[in-house]
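What follows is a single structure, written as structure tokens, with notes after it.
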């Protein structure tokens, strides 16, 4: 079993971006990070994004509107960033507080600055294999992990557990694309799928993004499978100082014994999401320079 080291691959991408940004004369790429409220996970995620941007040389602008902001006021803030020529990318940190229509908020971000890849136009471009758009960061990171680990999807059965707009649907579309590294045969499983195990046992590559701790067990996979575990779940554990442990959607101890390659949690897909966000930001900067 080979462990797919997301920390190492993400670090390589950050180093590549740092070298690229260092060659840019004048204004550097800029990302605006909008965080509403004080959700602890969101605070941590935005801090990590800010730190990685600084490491690369990307300018980050942090906006912290109060939790009392209305949706119309948030729209106005986003509109201002859309119109700001010094901002190349915009990310609105999810989850937003209760009462917000997240899909409407994501759609408000200009497609040309939608480095999170959630705008309807950019999702459509993924379906059309139009590379002028932005791919949402976690699916893009999954494809990068596979490519840099020597996993070619051509002719292989890819089973995706989950159908979210953030991971399941876009990663399925990416695996289907007519391009190098893709060309997979894709099955999507979800809460309405009967006999999920019968399908996961057929997978040459299994992408687990179902949000259920240790859902995938050894009896659900075949020997030699490549496993990408997207889940990150907190499970109560009184032996840990924090009172919980982090686990993925895959039961790592048993499934790793059968897998040819597998991502750990943490240290697998997670670090790739931030790296791909920065890659999208540099891409947005480049595209805006030629328009």
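The values are calculated or read from the model by the stated rules, or taken from the named source; none is laboratory data. All of these numbers come straight from a predicted model, not from anything done at the bench. Every residue, glycine as well, gets a Cβ built from its backbone with ideal geometry; the counts of neighbours run over all protein chains shown.
The table below lists the values:
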item	result
Failed condition for residue 206, given (1) buried (at least 23 other Cβ atoms within 10 Å of the Cβ); (2) under 18 Å from the mean Cα position of the chain (by Cα); (3) without any contact (Cβ under 8 Å) to a residue 40 or more places away in the chain	(3)
Residues of region 4-47 that turn out to be at pLDDT 95 or above, over 19 Å from the mean Cα position of the chain (by Cα) and closer than 28 Å to residue 242 by Cα, as a count	1
Any strands (runs of 3 or more DSSP E) falling wholly within region 204-291 and containing at least 3 residues that are closer than 19 Å to residue 9 by Cβ	205-208, 226-229
Criterion violated by residue 187 - all others in (1) over 30 Å from residue 14 (Cβ atoms); (2) touching a helix residue (DSSP H, G or I) at 6+ places or on another chain (Cβ under 9 Å); (3) in contact (Cβ under 8 Å) with a residue 40 or more places away in the chain satisfied	(3)
Some residue of region 148-166 being assigned to a strand (DSSP E or B), surrounded by fewer than 18 Cβ atoms within 10 Å (Cβ to Cβ), at negative phi and in contact with a helix residue (DSSP H, G or I) (Cβ under 8 Å, 6 or more places away or on another chain)	no
Qualifying residue in region 27-41 (condition: surrounded by fewer than 14 Cβ atoms within 10 Å (Cβ to Cβ), assigned to a helix (DSSP H, G or I) and at negative phi)	yes
So residue 172, is it outside any loop (DSSP other than H, G, I, E, B), at pLDDT 95 or above and surrounded by fewer than 18 Cβ atoms within 10 Å (Cβ to Cβ)	no
Residue in region 49-63 that is part of a loop (DSSP other than H, G, I, E, B) and farther than 27 Å from residue 13 by Cβ present	no
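Listed here are the residues, each with its yes/no results for (1) within 19 Å of the chain's Cα centre (by Cα); (2) exposed (fewer than 13 other Cβ atoms within 10 Å of the Cβ); (3) at pLDDT 95 or above.
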site: 51; (1), (2), (3): yes, yes, yes
site: 62; (1), (2), (3): no, no, yes
site: 72; (1), (2), (3): no, yes, yes
site: 84; (1), (2), (3): no, no, yes
site: 111; (1), (2), (3): yes, no, yes
site: 119; (1), (2), (3): yes, no, no
